[in-house]
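The values are calculated or read from the model by the stated rules, or taken from the named source; none is laboratory data. Being a predicted model, the structure only gives us computed values, none of them experimental. Cβ placement follows ideal geometry from the backbone for every residue including glycine, while neighbour counts extend to all protein chains displayed. Please note that ligands, DNA and RNA were not included when accessible areas were found on the heavy atoms of the full protein model with its side chains. Shrake-Rupley method; radii C 1.70, N 1.55, O 1.52, S 1.80 Å.
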Amino acid sequence: MPHVLLLGGTTEASMLARLLADRGMSATLSYAGRTTLPAAQPIPVRIGGFGGVDGLVDYLRTHRITHLVDATHPFAAQMSVHAIAAAQCSGIAHVALTRPAWQAEEGDRWTHVADIDAAVAALEGPARRVMLALGRMHVERFMVQPQHHYLLRFVDRPEAVPGLPNHELVIDRGPFTVEGDVRLMRDHGIDLVLCKNAGGTGAAAKLTAARQLGRQVLMIDRPSLPERATLYRAEDVLAWIDHAMARGV
Ligand code: 3Y8
Ligand code: NAP
């Protein structure tokens, strides 16, 4: 009997959770516990870190996990590296469910930067009105560029007011809509959108909005990850589980 551990936190993970529930397959979705009220799921949920690779290996063994699906966000690099190592160590089947990186289209005004530090450095210069669509975890890095007006968007209201001297904070949870993001950028006079190359649909609205409004985008490229089996559609993961079962993995 398969028992799937699904590392979640993305739209694709939620789609796969729905398919696993519909199939009546034994599965658990795992959240890191980054947000106060993660989306309700149709399968059992566990919340919190595992305690590094060793903790994850223990979890896989104790809960007799047969398939590990890493459907975490492309920037959740540490979790993905741990998942690859723990699956190898435990000898259990492992696959990543992710989404292709966004590609600039006709009319896009993108500048690519390698990582958050490069994005901070790229903001050197006269004051602008920047939509910082990175969530909460990296905001303080931008304190070295205090000259800009920042529009911040977090999932949860933070305990402490963000340290950026000139900012406005919007509390909202994606997936977002184009009309919502067009309105947001217009209302705040945004001239630059800073975001991660998350891919997928849940965070893409701001890119379409920027294109429609002719605004610039500073795109943070993804961290590199070790070689791993990768799928891009939730239904292909079901076929992968069936195939692994047939092979007695
Ligand atoms: C806790 C689970 C679902 C999953 C939905 C996706 C889409 C909506 C858009 C913007 C960009 C950002 C952020 C974002 C989006 C989806 C997806 C996605 C980006 C939840 C969720 C968890 C998180 C964690 C959170 C991070 C933050 C990042 C906000 C749930 C809602 C910016 C990433 O406050 C914090 O500490 C938030 C932290 C990690 C990145 C950061 O560095 O701050 N996601 N987001 C997961 C866990 O605990 O394991 O609460 O329900 C999931 C989703 N957020 O089920 O439909 O598939 O990517 N999430 C980015 O992509 O740039 C917002 O504002 O335009
Ligand atoms: P990360 O930096 O790669 O991971 C840091 C540590 O958090 C991991 O080593 C692990 O702790 C724990 N962790 C991460 N994801 C987990 C999960 N799904 N279940 C259990 N523990 C998890 O991760 P992150 O970038 O902070 O992302 C955290 C969560 O937010 C993930 O679910 C991710 O999918 C979601 N998310 C992240 C982003 C983003 O921009 N980073 C965007 C959207 C959603 P231990 O070492 O103790 O096991």
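Tabulated data
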quantity: Residue count for the range 74-101, restricted to those that are in a loop (DSSP other than H, G, I, E, B), away from ligand 2 (no atom under 14 Å from the Cβ) and either among the polar types (S, T, N, Q) or surrounded by 15 or more Cβ atoms within 10 Å (Cβ to Cβ) (or both); calculated: 1
quantity: Test for Gly49: is it within 10 Å of ligand 1 (Cβ to nearest atom), assigned to a loop (DSSP other than H, G, I, E, B) and farther than 20 Å from Asp172 by Cβ; calculated: yes
quantity: Within the range 202-219, considering residues that are touching a Gly at 6+ places or on another chain (Cβ under 9 Å) and outside any helix (DSSP H, G or I), the one farthest from ligand 2 (Cβ to nearest atom); calculated: Gly214
quantity: Test result for Glu159, surrounded by fewer than 13 Cβ atoms within 10 Å (Cβ to Cβ) and modelled with pLDDT under 95; calculated: yes
quantity: Val45 vs. criteria within 22 Å of the chain's Cα centre (by Cα) and more than 14 Å from ligand 2 (Cβ to nearest atom); calculated: no
quantity: Filter result (part of a helix (DSSP H, G or I) and touching a strand residue (DSSP E or B) at 6+ places or on another chain (Cβ under 8 Å)) within the range 60-73; calculated: Leu60
quantity: Residue in the range 24-36 that is nearest to ligand 2 (Cβ to nearest atom), counting only those that are within 16 Å of His3 (Cβ to Cβ) and in a loop (DSSP other than H, G, I, E, B); calculated: Met25
quantity: Scope the range 136-153; condition surrounded by fewer than 19 Cβ atoms within 10 Å (Cβ to Cβ) and within 6 Å of ligand 1 (Cβ to nearest atom); matching residues; calculated: Arg136, Met137, His138
quantity: Candidate set from the range 227-238 (those that are at pLDDT 95 or above and open to solvent by 60 Å² or more (accessible area, probe 1.4 Å)); member that is nearest to Pro74 (Cα to Cα); calculated: Tyr232
quantity: For Ala39: the one exception among (1) at pLDDT 95 or above; (2) open to solvent by 20 Å² or more (accessible area, probe 1.4 Å); (3) not in a helix (DSSP H, G or I); calculated: (1)
